[in-house]
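Please treat every number below as a calculation from the coordinates, not as lab data. Treat the numbers as computed from the prediction; the structure is a model and nothing was measured. Because the Cβ atoms are built from the backbone with ideal geometry, glycine has one as well, and the counts that use them run over all protein chains shown.
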Amino acid sequence: MKYGHFDDSAREYVIENPKTPVKWINYVGSLRFGGFVDHTGGLLLCKGDPALNRITKYIPQLPASQLKGHTLYLRLRTAQGLRTIAPFFVPTLTALDHYECRVGLGYSRFVSEVAGVRTVITLFVPTGSEVLIEDVCVTNVSGAELELDAIPLVEYTHFDALKQFTNADWVPQTMQSVVHDAQGGRKILAQFAFMNRDLRQNYLTATLPASSFETCRARFLGDNEYGTYADPLSLKQPELGNYQALRGDNVGALLLPLGKLAPGQSKRFRVLLTQQEGARTESLARAKAAFAAFESDEQTDAALASMRRYWDDYLGKLQVKTPSAALDSMVNVHNPRQCFMTKNWSRDLSLYQLGFGGRGIGFRDSSQDVMGVLASMPGEAKELLEKLLSVQKPDGSAMHQFYASTMEANEGDSREHSDRPDYYGDDQLWIVLAVCAYLKETGDLAFLKHELPFYDKRKPLAEREKGSVLEHLKRAVEFTRKDVGKHGLPLLGFADWNDTVNLKRGAESLFVANLYGKALLELIELFGQLGDESQVQRYKRDYEQMRARVNEHAWDGEWYVRYFDHDGSAIGTHKNAQGKIWTNGQSWPVISGFASSERAHKALESVQRHLSTKNGIKLSAPGFDGYDPNKGGVTTYPPGAKENGGIFLHANPWVMIAETLVGNGDRAFQYYMQINPAAKNELMDEYELEPYVYAQNILGDEHAQFGLGRNSWLSGTASWCYQAATKHILGVRPSYAGLEVDPCIPKAWDGFELTRVFRGSTYKIKVKNPSHVSRGVKSLLVDGKAISGHTVPVFEDGKTHEVELTLGNVEATAHPHSSPAHAAPAARPTRLEA
Ligand code: GLC
């Protein structure tokens with residue numbers, strides 16, 4: 001069974017059946033003003049902070065048939081009486097003669113036909129704007145004259161999103177709505193919680209006259225709310241009640257008479273929703289000005305066209321043409337688009353991550369998300385890096401998360417367990433990878449001198465210690481160098497990347513050890529670039545020391561162990577009955593270069609043998625069967641779910657990358673395709689989720705519902721799959737000296753093409769694979785001239801350069817990423833001025 005198809009030429013996914021297994025969503029706007037819209041018109045909208053300034057009431061836990069925050073009703077005035085229909089299908093559930101929801105870049109377009117009415121609705125927030133536009137075009141396709149009304153409706157939430165659900169006394173006493181008359185019989189409905197009346201208000205209007213309105217949910221539904229959204233009793237009356245709510249559950253509904261439409265005749269109008277700051281008259285004036293920008297069809301079309309141009313430019317930084325359509329769909333459109341969203345929303349707001357304030361911007365998560373957007377939005381990436389570095393503590397470790405609106409940071413879930421450490425072993429190391437990736441993309445080494453504060457919640461910002469970005473990076477690795485346990489391996493903290501393994505104080509993490517190794521490799525390369533040989537030598541020693549410890553203590557014979565518990569016992573050894581082998585325990589020693597070639601191959605073979613399934617690689621096996629507070633959150637899930645032996649997708653691209661590092665392009669690509677959502681389009685009754693974005697998890701083969709995906713959109717899978725595909729499988733990655741081109745592809749491929757904008761120049765890359773190998777650069781022509789190695793120089797000339805690379809068998813050389821050879825001082829040292 002499938003529910004839709006990819007329309008790559010329009011860069012849309014087209015949902016053709018409204019009864020998808022779960023809601024499929026799309027994002028509109030940004031963290032500044034935006035949220036998501038589901039495929040039946042449900043809308044979750046916020047301004048600035050989903051926890052503290054939420055606008056519409058979207059309750060994901062309600063059944064799919066229920067109204068969620070927003071809809072549009074149409075009403076036919078017939079000789080037999082009034083008939084209400086819903087072009088979004090929800091909430092009237094009237095069977096539609098045609099339905100499609102086009103999930104586009106920044107907009108969702110709904111096309112439906114019911115009762116002789118064709119409706120096209122485009123929902124979007126124009127780039128940089130704070131207005132949600134619902135652009136509606138209604139056409140009479142019945143063959144006879146029709147008389148119609150349109151009734152847009154939003155249901156508001158209290159601005160404090162969690163209070164809305166935990167308080168049923170204060171909240172309803174504060175919610176109020178007021179109507180304002182505007183020119184030509186139009187109405188603007190204002191809504192606010194009383195304490196915000198003179199600070200900011202929500203405004204709803206339409207570009208047509210309204211004959212009546214309603215703002216009280218009870219009155220809209222009727223009969224003490226025994227009327228329903230599926231069949232509101234107020235819509236059985238000629239007009240709405242014109243009631244300005246003084247309390248209670250507030251809605252905004254406008255009755256817009258569309259009049260008589262002749263056969264074939266259309267009527268186009270807009271419903272507009274915004275929130276504006278200021279005292280009442282001031283904010284109303286602002287709302288009117290904001291609405292005026294989308295008054296005409298032309299203005300609206302221009303706003304949509306400008307958003308398209310934004311995306312043309314964004315996606316234009318990297319485009320590919322390979323033998324795999326499913327890879328092309330993801331890499332050219334949907335994967336970078338998802339990276340944009342994870343960069344924007346971190347893990348704050350999705351259908352699964354509810355934005356009530358528990359999460360905010362994650363230090364670890366956002367450091368990884370940044371790496372997925374560097375080519376397209378380096379400026380915004382840098383801003384986020386600065387914020388992240390500002391919540392690093394003076395000792396080099398980091399706060400686990402922060403709230404973008406206040407820059408207030410906290411220790412995440414570790415706060416709930418006073419008997420466990422209050423920091424995470426890995427957080428601070430991710431920022432090293434992120435900053436170095438930013439430097440390689442942009443060449444902006446001056447960033448390293450930028451002074452930023454260290455976080456100390458006891459001190460006001462002005463009094464906090466400051467240090468250069470380079471100093472922040474040094475303290476990050478220094479923290480881990482010193483924070484080691486019995487085996488000399490880094491302590492786990494409350495958790496490492498795997499949030500759910502929470503061992504007693506004193507436990508050590510092999511993941512942190514390897515991430516530390518990778519961070520050191522990055523710094524060795526960076527300091528080489530800066531010409532600081534003594535720092536290079538120092539980090540090389542630290543690297544060798546940790547590499548020796550890992551190999552001395554953690555090799556289990558066929559694979560590496562994953563943790564040492566507080567008492568020194570290994571977790572992730574063949575001697576364990578459960579949690580015998582862990583994926584991250586194997587991919588990361590390859591990425592860090594700590595594993596010898598022999599151990600790398602063995603460890604990756606073990607992943608293949610014990611952890612890989614047709615739906616992706618499991619995080620560990622076998623799952624823990626029963627709750628064990630000594631292990632922590634991982635044992636709250638049944639075996640096969642989430643981090644407990646589930647297919648945790650974020651960890652899959654690390655195996656793909658590791659496979660490319662050992663030269664196994666076939667297997668890297670096989671793993672890529674195992675989790676590619678575009679390749680699951682025909683398997684929806686099993687998988688259930690949006691085929692156009694990566695999910696966080698798929699149930700593993702220990703679970704009866706093996707193959708079922710959950711938690712789509714906000715997952716590190718987006719950034720890492722994008723990196724795995726583009727930088728490692730297709731092998732085009734920025735470096736200090738230029739653009740490296742070193743693919744590791746399936747042997748069967750004849751080649752591929754890739755266009756990459758890098759430091760202002762366009763690199764048109766053509767890779768040929770006549771001898772059907774996976775890796776090995778036989779020759780490289782740049783603008784027709786042969787060059788040695790695989791690094792195409794930096795041009796910074798705004799021009800287009802033709803790159804032609806032929807793969808073939810070459811003498812085995814140490815791969816740059818799999819050994820500290822990678823760390824050799826760079827050819828062209830760029831000194832950082834003191
Ligand atoms: C979630 C968290 C992420 C963590 C992962 C594995 O995706 O957001 O930080 O690394 O789970 O536990």
Whole-percent tail of the Cα-Cα distance distribution for segment 474-514, cut at 17 Å, equals 22
Filtered hits (lysines, Cα-Cα < 16 Å from Lys602, offset >= 8 within chain) -> Lys580
Segment 528-680: relative contact order from alpha carbon pairs under 8 Å, six or more residues apart, as a whole percent, is 18
With bins of 10 Å, the percent of all Cα-Cα pairs of segment 719-771 per bin from 0 is 23, 55, 20, 1
Among Lys449/Lys474; Lys387/Lys618; Lys440/Lys466; Lys614/Lys747; Lys321/Lys642, the pairs whose Cα-Cα distance exceeds 22 Å are Lys387/Lys618; Lys440/Lys466; Lys321/Lys642
Shape descriptor, the chain: equivalent ellipsoid semi-axes (Cα gyration tensor, sqrt 5λ, whole Å, largest first) stand at 49, 29, 26
Most exposed to least, judged by fewest other Cβ atoms within 10 Å, Ser592, Ser612 sort to Ser612, Ser592
Karplus-derived 3J(HN,Hα) from phi for segment 597-609 (6.51 cos²θ - 1.76 cosθ + 1.60, θ = phi - 60°), whole Hz, x at Gly and Pro, runs 4, 5, 5, 4, 4, 4, 4, 6, 4, 5, 4, 4, 6
Using the Kirkwood radius over Cα pairs of segment 135-280, the Stokes-Einstein translational diffusion coefficient at 4 °C and 1.567 mPa s, in µm²/s and rounded to a whole number, is 80
Scattering profile of segment 475-552 from the Debye formula, Cα beads only, expressed as log10 I(q)/I(0) at q = 0.15, 0.18, 0.20 Å⁻¹, is -0.52, -0.71, -0.83
Semi-axes a, b, c in Å (a largest) for segment 681-747, each sqrt of 5 times a Cα gyration tensor eigenvalue, come to 31, 13, 10
For the chain, percent of DSSP beta bridges that are antiparallel (nearest 5) comes out at 95
Taking alpha-carbon centroids only, segment 655-693 lies from segment 260-322 a number of Å equal to 36
CD proxy, 222 nm, the chain: helix-only mean residue ellipticity via -39,500 (n - 2.57) per DSSP H run with n ≥ 4, per residue, nearest 500, stands at -7500 deg cm²/dmol
Sorted by chain and number, the residues with a modelled amide H under 5 Å from that of Leu261, at a separation of 5 or more or across chains, are Leu146, Glu147, Leu148
Across 5 Å bins beginning at 0, the whole-percent shares of Cα-Cα pair distances in segment 27-86 come to 4, 18, 21, 18, 13, 10, 7, 5, 3, 1
P(r) over all Cα-Cα pairs of segment 578-630, 10 Å bins from 0 to the longest distance, whole percent per bin, short to long, reads 25, 46, 23, 6
Checked segment 255-319 with the C-alpha gyration tensor, a ≥ b ≥ c its square-rooted eigenvalues, rounded below a/c of 1.5, otherwise prolate if a/b is larger than b/c and oblate if not; verdict oblate
For the chain the mean separation of alpha carbon contacts under 8 Å (6+ apart) over residue count, i.e. relative contact order in percent, is 9
As a Kirkwood estimate from alpha-carbon pairs, segment 291-374 has a hydrodynamic radius in angstrom of 15.2
In Å, the C-alpha Rg and Dmax of segment 753-794 are 11.2, 33
Expressed in µm² per second, the diffusion coefficient of segment 1-47 from the Stokes-Einstein equation, with Rh the Kirkwood radius over alpha carbon pairs, at 25 °C and 0.890 mPa s, is 206
Shape descriptors of segment 38-144 over alpha-carbon atoms, Rg and Dmax in angstrom, are 15.2, 49
Quick calc, His574 & Arg268: beta-carbon distance into FRET formula, R0 60 Å, rounding 0.05, result 0.35
Checking rank on 298-304, 696-702, with mean other Cβ inside 10 Å and highest first, the result is 696-702, 298-304
Per the Cα gyration tensor, segment 598-756 corresponds to an equivalent ellipsoid with semi-axes, largest first in Å, of 29, 18, 14
The extension gain from Lys747 to Lys321, computed as 0.36 nm times the residue separation minus the Cα-Cα distance, is 151.7 nm
Fewest to most Cβ atoms within 10 Å: Val435, Val536, Val179 sort as Val179, Val536, Val435
Computed curve, segment 315-424, Cα-only Debye sum without solvent term, log₁₀ I(q)/I(0) at 0.12 Å⁻¹, is -0.50
Answer check: segment 93-169, Cα atoms, Kirkwood Rh, Rg/Rh ratio of 1.10
Using the Kirkwood formula on alpha carbons, the hydrodynamic radius of segment 377-504 in angstrom works out to 15.3
For segment 27-43, Karplus-derived ³J(HN,Hα) couplings (6.51, -1.76, 1.60; θ = phi - 60°; whole Hz; x for glycine and proline) come out as 8, 10, x, 9, 4, 5, 7, x, x, 9, 10, 8, 7, 10, x, x, 9
For segment 488-614 the mean separation of alpha carbon contacts under 8 Å (6+ apart) over residue count, i.e. relative contact order in percent, is 25
In whole angstrom, the spacing between the Cα centers of segment 108-133 and segment 436-514 equals 45
Around Arg102 (Cβ within 9 Å, Cβ-to-Cβ, excluding Arg102; K/R +1, D/E -1) the net charge comes to -2
Most packed first (mean Cβ within 10 Å per residue), the peptides 624-634, 190-200 order as 190-200, 624-634
In Å, the Kirkwood hydrodynamic radius from C-alpha pairs for segment 244-396 sits at 20.3
